[in-house]
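Asker: My structure is below; once you've seen it, I'll send some questions.
Just so it is clear, none of the values below were taken in a lab; they were calculated from the coordinates. This is a predicted model, so every value here is computed, not measured. Neighbour counts run over all protein chains shown; Cβ positions are idealised from the backbone, glycine included.
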Amino acid sequence: MNLKQTFLTFLENNLFLKNGTCPICGKVLFVTDRFLCHHCEDDLPIINTPTCVQCGRPVFTANRDVCTPCAKLKLPFAGGYAHLNYQNSGKKLVHAIKFKDRPHLGIWVGTQMGEAIAKCQWINDVDLIIPVPLHRNRQSERGYNQSEKIARGIHDGLCQKMSKVPELATQILIRSRNTPHQIGQGREERLRNLTGAFNVETIEAIQNKTILLVDDVLTTGATLAETSATLLEAGAAQVCIATLCAVAE
Ligand SMILES: [Zn+2]
Ligand SMILES: [Zn+2]
């Protein structure tokens, strides 16, 4: 091997992860990068403005602690956390986790969410962490449920910050009906399509429990409202929510 080849091999083995590219900007990742390049990681649109006390989405009206959708639609959430604004690289990150076969990215960002959620008062009441399920057909197409990966990360992040961590429960709630993709639908249409889509498999497991429901995106709140309604009707005491991205009110 000549000097140039040795040097190139050294670069490949020590600076780059083979075939690893940043899912947001497409640049080759260095060994010192984790799942995103440093620039994109620093640039994530983390929500740092006032948020709705019920769902965690950013609120912009002064002196109001509940967002318009939660107030108008009487959404049933007892507490909420949203990590990123659903725009620019936040959108690209969700897209990569959902459609580009990057389940580990979901666990990684979920862990950061868990560390932040450990500071929320309501987490102390939570007994179970439940991801919003996919229908089994959709899950076998994708190979995994992105919300379950995020929930797993949240659990890991909480374990680093709290002594008593709620249990992660992935078998309790199922999606019994395969619903169409919601892109482009209004809230009413979404709700109509989702009614009765979820089932609680083991009702005893959730009686009087406070549940943290985890989903990838909070837009109209239709999916989380329907899922919460199913859990509350089946006997849960309260439902809090955590989402990777949220649309501001
Ligand atoms: Zn990047
Ligand atoms: Zn809200």
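Asker: How many percent of DSSP beta bridges within the stretch 44-246 run antiparallel, rounded to 5?
Answerer: On the way: 5 of 25 bridges.
DSSP beta bridges in the stretch 44-246 are roughly 20 percent antiparallel.
Asker: Please rank Ser140, Ser176, fewest neighbouring Cβ atoms within 10 Å first, as an exposure proxy.
Answerer: Listed from fewest to most nearby Cβ atoms, that is Ser140, Ser176.
Asker: Where does the charge balance sit around Asn85 when Lys and Arg score +1, Asp and Glu -1, over other residues with C-beta under 10 Å from its C-beta?
Answerer: +2
Asker: When a/c is below 1.5 the answer is rounded, else prolate if a/b is larger than b/c, else oblate, so apply that to the stretch 157-249 with a ≥ b ≥ c taken from the square roots of the Cα gyration tensor eigenvalues.
Answerer: On the way: a/c = 2.21, a/b = 1.33, b/c = 1.65.
It comes out oblate by the Cα gyration axes.
Asker: What ranking do Thr179, Thr61, Thr68 get, fewest neighbouring Cβ atoms within 10 angstrom at the top?
Answerer: The order, fewest Cβ neighbours first, is Thr61, Thr68, Thr179.
Asker: Further, regarding this structure: If each of Lys4 and Asn137 carries a label point 7 Å out from its Cα toward its Cβ, how far apart are those two points in nm?
Answerer: 5.6
Asker: So, by mean Cβ neighbours within 10 angstrom, what's the order for 161-172, 103-114 with the highest one leading?
Answerer: Values: 161-172: 14.6, 103-114: 21.9.
Order by mean packing, descending: 103-114, 161-172.
Asker: Under a 5 Å amide H to amide H cut-off, with H placed in plane at 1.01 Å, what residues pair with Leu168 once short-range neighbours are removed?
Answerer: Ile129
Asker: Right, something else. State whether the stretch 63-151 is rounded, prolate or oblate according to the following rule on the C-alpha gyration tensor (a ≥ b ≥ c being the square roots of its eigenvalues): a/c under 1.5 gives rounded; otherwise a/b larger than b/c gives prolate, and the remaining case gives oblate.
Answerer: Cα axes put the stretch 63-151 in the prolate bin.
Asker: Put a dot 7 Å past each Cα toward the Cβ at Gln160 and Thr202; how far apart are the dots in nm?
Answerer: 2.9
Asker: Sorted from fewest to most neighbouring beta carbons within 10 Å, what does the list Tyr81, Tyr144 look like?
Answerer: Neighbour counts put them in this order, fewest first: Tyr144, Tyr81.
Asker: Roughly how many debye, to the nearest 20, is the charge dipole of the chain about its Cα centre, given +1 on each Lys and Arg Cβ, -1 on each Asp and Glu Cβ, and no other charges? Could you put the intermediate results ahead of the total?
Answerer: Values: 27 positive and 23 negative charges, 105 e Å.
Rounded to the nearest 20 debye, it is 500 debye.
Asker: Something else about it: Amide H to amide H, which residues 5 or more places from Leu173 or on other chains are under 5 Å from it, using H placed in the peptide plane?
Answerer: Placed amide hydrogens put Glu201 under 5 Å from Leu173.
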